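The structure appears right after this line, and notes come after that.
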Amino acid sequence: MLREAGSAVSDKHWADEVAEVVAATGRPPVVSTGISPSGDIHVGNLREVVTGDAIYRALGDRGIPAKFNFVCDNFDPLRRVYPFLDPAVYGPLVGRPLSEIPCPCGEHRSYGEHFLAPFLDSLRILRIEVEVVRADELYKSGAMTECIIAALENRDAVAGILEELTGKNVGPEWSPFNPRCPECGRVTGTRVRGFSSSDRTVEYSCACGALGRVPMAGGGKLVWRIDWPARWKALGVTVEPFGKDHATRGGSYDTGARIAREVFGIEPPVPVGYEWIGLRGMGDMSSSKGNVLSIAAALEIAPPEVLRYMILKERPQRKLTFDPGLQLLQLVDQVDDASAQGRDERALQLSTAGGFRPVGVPFKHLVVVAQAARFDVPEVMRILERTGYAGVDPGAAADRLRFARRWIETFAPESLRFEVLDELPGVARDLNAAQRRFLAALADRLAPGMTGDEVHRLIYEVASNLSAEARPAELFEAIYIAILGRSQGPRAGWFLAFLGSEFTKRRLGEAARG
Ligand SMILES: [Zn+2]
Ligand SMILES: [Zn+2]
């Protein structure tokens, strides 16, 4: 059961409910989000920042100035050699902070930056303007030192809170702070032997055999359950979305809230726990399972507003399944078309800040038209006009066509994918006598300017005249075989109307003659 700020039964958008709760605390709003850059940051991770951005915008819409930050957890250690890493290079680096080890491609200043950089590019495309805070810089700047001192001085109280809420014994050697060994670079093999609050140093020993003293500022990091509330204090965080793994009873939000109040003397932020985003047919997205869709790949098939809308139209506590196939068509249409069923206007408003140009053509229609026109923009515009979509903005249409093309190439179901062949396909030789008579009669009666409905009626009429010789399905197949070289395709009447009578008469005639 995830926490909800605000009531579950309300007409208000959830981001507005959260903004009201945050405003009611009377504290200057600071929305915080964060991700560990240990691997590709994927569509599943988008919920964190998009949720934070919606709350930030909802506060702004109320005239409440807020801050919005994204903490990159690059001071976390490399936990293990992930499948995408070279074991010879990264094996010895396990346990060192992501900010202090080399990047896999050699072009970024650290491992952490390698995975952060493409994510920041995606945020620009998604129009999410967020202050990026790197955890290593936060520690090195000394901003966390006050909390490091408080946690070390109150070690027993902190340990007591963890034991009480998690039911786990932390052990006598446990410390809230992990020094980073200057000899081997690891934060995972060290023990605290003592500390000086006045000198702001920590004495350590390391599994590698080293012993010594490190500064609190940058010389190590707080363990996660203490790091999080310390960050709330250092950044003044008043509201934070986080994944459901942190939201469980006795989870890191629960322990963080107690530590915040009892050790750091602050109120914890308003919690907004969110569910995962799954990928249809593949389960919850997770880098370690390898079933992820990169944000860059998602932004190739869907406009940024559509991805934002997908996330914002559901309450954070509801699980989302991203279906890049047919569901994407519906989402694009809800964003694009004011009359679309199920459209959430407020979610849309929070998704389409700046520069969004609706096309006003159902995406499914555009996908068929685009293929019929072989992606030629002027031809697409002509077909759109013939099919009842006059006055479409050509720039917006061209933009949407780029998404349509990539979607067709990657995720479109087979039934929506086709290619109008340049010449009569070889398989047309196998058409039977009834099919040929059908195509000949159809070619004869098709006339310029017929609408999809008119062609549809004509097809049925001609087919029923031949009902003694062949089943209608067999006859319709002949149309697709003549044009696409396969037995299925888009709705026939509509499709032939798109293609125009000149081409259709010629092609069906050729197929009829064999
Ligand atoms: Zn790199
Ligand atoms: Zn060491």
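The values are calculated or read from the model by the stated rules, or taken from the named source; none is laboratory data. All values reported here derive from a predicted model rather than from experimental measurement. FYI the Cβ positions are ideal-geometry reconstructions off the backbone, even for glycines, and counts take in every protein chain you see. Ligands, DNA and RNA are excluded from the accessible area calculation, which covers all protein heavy atoms including side chains. Shrake-Rupley method; radii C 1.70, N 1.55, O 1.52, S 1.80 Å.
Kindly indicate whether any position in the stretch 66-82 is open to solvent by less than 40 Å² (accessible area, probe 1.4 Å), within 16 Å of ligand 1 (Cβ to nearest atom), hydroxyl-bearing (Ser, Thr, Tyr) and in contact with a Leu (Cβ under 8 Å, 6 or more places away or on another chain). Looking through the stretch 66-82, none of the residues is open to solvent by less than 40 Å² (accessible area, probe 1.4 Å), within 16 Å of ligand 1 (Cβ to nearest atom), hydroxyl-bearing (Ser, Thr, Tyr) and in contact with a Leu (Cβ under 8 Å, 6 or more places away or on another chain). Look at the stretch 437-453: where a residue is under 13 Å from residue 510 (Cβ atoms) and a partner is buried (at least 18 other Cβ atoms within 10 Å of the Cβ) and basic (Lys, Arg), sitting 6+ places away or on another chain with Cβ atoms under 6 Å, you get 443/505.
The single condition from (1) open to solvent by 20 Å² or more (accessible area, probe 1.4 Å); (2) without any contact (Cβ under 8 Å) to a residue 24 or more places away in the chain that residue 121 fails is (2). Could you figure out which of (1) more than 22 Å from the chain's Cα centre (by Cα); (2) closer than 29 Å to residue 315 by Cα; (3) at pLDDT 95 or above; (4) open to solvent by 40 Å² or more (accessible area, probe 1.4 Å) isn't true of residue 12? Checking residue 12 against (1) more than 22 Å from the chain's Cα centre (by Cα); (2) closer than 29 Å to residue 315 by Cα; (3) at pLDDT 95 or above; (4) open to solvent by 40 Å² or more (accessible area, probe 1.4 Å), the one that fails is (3). The lone criterion from (1) away from ligand 2 (no atom under 16 Å from the Cβ); (2) among the charged types (D, E, K, R); (3) open to solvent by 50 Å² or more (accessible area, probe 1.4 Å) left unmet by residue 100 is number (1). Scanning the stretch 340-372 for residues that are part of a loop (DSSP other than H, G, I, E, B) and in contact (Cβ under 8 Å) with a residue 24 or more places away in the chain gives 344, 352, 353, 354, 355, 356, 357, 358, 359, 360, 361, 362. I'd like to check something: does the stretch 417-431 contain any residue that is closer than 30 Å to residue 465 by Cα, of a type outside the set (S, T, N, Q) and within 31 Å of the chain's Cα centre (by Cα)? Checked against the condition, which is being closer than 30 Å to residue 465 by Cα, of a type outside the set (S, T, N, Q) and within 31 Å of the chain's Cα centre (by Cα), the stretch 417-431 yields at least one hit.
Every condition in (1) within 16 Å of ligand 1 (Cβ to nearest atom); (2) among the aliphatic types (A, V, I, L, M); (3) open to solvent by 60 Å² or more (accessible area, probe 1.4 Å) holds for residue 88 except the one numbered (1). A Cβ distance below 6 Å, combined with a sequence gap of six or more or placement on separate chains, defines the contacts here; from the stretch 23-36, residues that are part of a helix (DSSP H, G or I) reach residues that are open to solvent by 20 Å² or more (accessible area, probe 1.4 Å) in the pairs 23/64.
Only helices (runs of 4 or more DSSP H) whose full extent lies in the stretch 424-501 are considered here, and the ones with at least 3 residues that are of a type in the set (Lys, Arg) are 433-445. Only one of the numbered conditions (1) among the hydrophobic types (A, V, I, L, M, F, W, C); (2) within 16 Å of ligand 1 (Cβ to nearest atom); (3) under 30 Å from residue 343 (Cβ atoms) is not met by residue 55, and that is (2). Looking only at residues of the stretch 288-332 that are outside any strand (DSSP E or B) and of a type in the set (Ser, Thr, Tyr), we find that the one that is most open to solvent (accessible area, probe 1.4 Å) is 288. Anything in the stretch 419-441 that is open to solvent by less than 20 Å² (accessible area, probe 1.4 Å) and of a type in the set (A, V, I, L, M, F, W, C)? List them, or say none. Result: 420, 428, 431, 434, 438, 439. Can we say residue 234 is within 16 Å of ligand 2 (Cβ to nearest atom), small (Gly, Ala, Ser) and open to solvent by 10 Å² or more (accessible area, probe 1.4 Å)? Judged against the criteria, residue 234 is not a match.
Filtering the stretch 373-383 to residues that are touching a residue at least 24 places away in the same chain (Cβ under 8 Å), open to solvent by 40 Å² or more (accessible area, probe 1.4 Å) and not in a loop (DSSP other than H, G, I, E, B) leaves only 377. From (1) away from ligand 2 (no atom under 16 Å from the Cβ); (2) more than 23 Å from the chain's Cα centre (by Cα); (3) free of Cβ contacts under 8 Å to residues at least 12 places away in the same chain, pick out the condition that doesn't hold for residue 92. For residue 92, the failing item is (1). Do we have residue 214 as touching a strand residue (DSSP E or B) at 6+ places or on another chain (Cβ under 6 Å), hydrophobic (A, V, I, L, M, F, W, C), at pLDDT 95 or above and surrounded by fewer than 18 Cβ atoms within 10 Å (Cβ to Cβ) here? The answer is no for residue 214. When the stretch 185-223 is limited to residues that are without any contact (Cβ under 8 Å) to a residue 40 or more places away in the chain and not in a strand (DSSP E or B), the one that is farthest from ligand 2 (Cβ to nearest atom) turns out to be 198.
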